[in-house]
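Here, each number is a calculation from the coordinates, and none is a lab measurement. Predicted model only: the values in this text are computed from it and were never measured. So basically every Cβ, Gly included, is an ideal-geometry build from the backbone, and we count neighbours across all protein chains shown.
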Number of protein chains: 2
Amino acid sequence: MMSDQGISKGERRRAGIMTLLKQQGKVSIPEIIERFECSEATARRDLDLLEKQGNIIRTLGGAQLDTTLTSGETSFNEKRNLLWLEKEAIAAKAASMVEKGDIVGLTGGTTTFLIARALKFHNDITVVTNAVNIAMELADSDGVQVVLTGGVMRNKSFELCGPLAESIVNNIHIGKMFMGIDGISIDPGVTTFSELEAQIARLMLSRASQCYAVFDHTKIDKISLFAIAPLTEFKGFVTNRLESPAMLDYIEKHRMELHLTEPATEAEKAH
Amino acid sequence: MMSDQGISKGERRRAGIMTLLKQQGKVSIPEIIERFECSEATARRDLDLLEKQGNIIRTLGGAQLDTTLTSGETSFNEKRNLLWLEKEAIAAKAASMVEKGDIVGLTGGTTTFLIARALKFHNDITVVTNAVNIAMELADSDGVQVVLTGGVMRNKSFELCGPLAESIVNNIHIGKMFMGIDGISIDPGVTTFSELEAQIARLMLSRASQCYAVFDHTKIDKISLFAIAPLTEFKGFVTNRLESPAMLDYIEKHRMELHLTEPATEAEKAH
DNA sequence: AATATTAAATCATTAATTTGATTTTTTCAA
DNA sequence: TTGAAAAAATCAAATTAATGATTTAATATT
């Protein structure tokens, strides 16, 4: 059936809960169950949702109005595709490291593409990239200036490579650089599948003040065909979790930054 | 499960339709069906929804961008719709001039974008362009190597300009070049709206063995703000019709080529 | 007017979301 | 600690929304 004016059963119920809350300052779960004839589970879910929207504060057995009327929107959500979710979290983390006025470097890759998407609504930043799809993603963003390295496009991967690309990269300076990679391990360091992409990545790295490798945990202790650089070339790493004690040791010993999106494990905490 | 930051299938499809529209000014229903692998019914429903949101205007067989916001003329849309067919014809004619092994240059613009689309299934050619959307269009084409000039992207027009772009263009050679323009007349010659685009166009022209200006008849005897080059710099012109006797005279006298997509009028035949 | 094309309307099917029942884990108060 | 209450997690049923196939009406084009 068509939703009348966009008011679904659930929305009506949650609106009712808010009315109750405004009337009495707080509500209990049993109260909601009785009043709206729903299960305990839905009552909880409604309160969770309202809390996520920043309207109320959960308490034991119910909820109360948020007295601090600062409407802070906290909307971090769960999704089906775990790896996608993790990449989005990694991208968000990386994007949060970007500040006004920054010159941000992005290589090609899924995670870096998501960083670009996250940067879309930043203001007064410049993004330097060799990925055509990243440039397209940022094309309608007013606050972001996009500089694309030229070069020959690798069909299907959207990456610009070759001497022409290199000649441009040699003429620019990058502030914070985020590099998408295919493998990371202590010994060869950071690696990738494609020789051409490795070369341009290496060059961009050399032009950047600070370079961070961004990757999900499946890339850890994996070695791809072509080496980009040893770990020591990097300012730090952005990933969801890093459970390898050896790598944690290495990162700590070399005073490199580690940005994690998931709650730290015992091993990680120890460092 | 909840999807709130996650983009639903339908939303993604409609966003894709908007991107298509921004790139090409219009879309057809079959185009949507092919591109997004959906039924005719959903394609229609999507367009209806987007129209309801005020973003686009439905036309017979598809939709086009709402241009009434920028130009208040009522009949403008019909004109534009007609022009589309002519631009496609012009693009097809230009594409037919391309041969195996050619190095083809394309500036930004609607007509040149359509040339790129027409070149998609050519084999063993190289396309050099400063337009990001043209590179994207050719990204999945096996027989076409794409070389993108780097540079700063002009947001919304997808064109790469500036010194970086120029430094790359200075290092390449173009065989047949097709230039999109905003105005053409005997006296200042070929002109365009944007200074930056004029400059990069001028440079590409200087690097090309043969350069053709491509335009529809509404550009004839129009003069835009920035001059690119006098007519004599061009090997020839590709358009739908050219009814100006003075320009016909001029073209004949200078032994330049004229490629028309519409049956020649008496005036044109006389030359 | 006749034909072909496009649009609208309808309905069955599929996909997605919401919900309630159940089980497991966590938290709180003694 | 331990038991009771609350919260979270899990799963299947129910509801709702989205889609595609089909039919019917409208519209361009000749």
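Some observations on this one:
- Exposure proxy ranking for A:28, A:96, based on other Cβ atoms within 10 angstrom of each Cβ and starting from the fewest, stands as A:96, A:28.
- Order of A:18, B:179, B:153 - criterion: other Cβ atoms within 10 Å of each residue's Cβ, fewest first: A:18, B:153, B:179
- The residue list A:246, B:172, B:248 was ranked by how far each Cα lies along the charge dipole of the protein assembly as shown toward its positive end, using unit charges on Cβ atoms, and A:246 comes out on top.
- Cα-centred dipole magnitude for chain A, charges only on beta-carbon of K, R (+1) and D, E (-1), debye, nearest 20: 360 debye
- Residue separation of residue B:22 and residue B:249 scaled by 0.36 nm, minus their Cα-Cα distance, works out to 77.9 nm of gained length.
- Length added when fully stretched, residue B:225-residue B:35, from 0.36 nm per residue minus Cα-Cα: 64.6 nm
- Out-of-range pairs (alpha-carbon distance over 21 Å; input B:9/B:120; B:93/B:219; A:120/A:235): B:9/B:120; A:120/A:235
- Förster-model FRET efficiency, 30 Å R0, residue B:186 and residue B:120, C-beta, rounded to 0.05: 0.30
- In a reduced charge model with +1 at each Lys and Arg Cβ and -1 at each Asp and Glu Cβ, the protein assembly as shown shows a dipole moment near 500 debye about its Cα centre.
- If you plug the beta carbon distance of residue B:232 and residue B:92 into 1/(1 + (r/R0)^6) with R0 = 30 Å, you get a FRET efficiency near 0.65.
- DSSP bridge pairs, chain B: antiparallel proportion in percent, nearest 5: 40 percent
- Per-residue ellipticity at 222 nm computed for chain B from its helices equals -11500 deg cm²/dmol, with DSSP H segments shorter than 4 residues left out and the rest contributing -39,500 (n - 2.57).
- Most positive-pole-ward Cα, A:204, A:92, A:55, against dipole of chain A from beta carbon charges: A:55
- Shielding of peptide B:160-168 by partners, expressed as the average count of other chain Cβ atoms within 10 Å per residue Cβ, is 4.
- Simple label model, 7 Å out from Cα along Cβ direction - residue B:60 to residue A:44, nm: 6.0 nm
- Result for chain A in a Gaussian network model with C-alpha springs under 10 Å: among A:127, A:27, A:98, the largest mean-square fluctuation is at A:27.
- Filter on A:100/B:222; B:87/B:253; B:26/B:253; A:100/B:26; A:176/A:222 - keep pairs with C-alpha separation over 32 Å: A:100/B:222; B:26/B:253; A:100/B:26
- Cα centroid separation, region A:109-141 to region B:108-133: 23 Å.
- Among B:87, A:93, sorting on how many other beta-carbon atoms sit within 10 Å of each Cβ, with the fewest leading, yields A:93, B:87.
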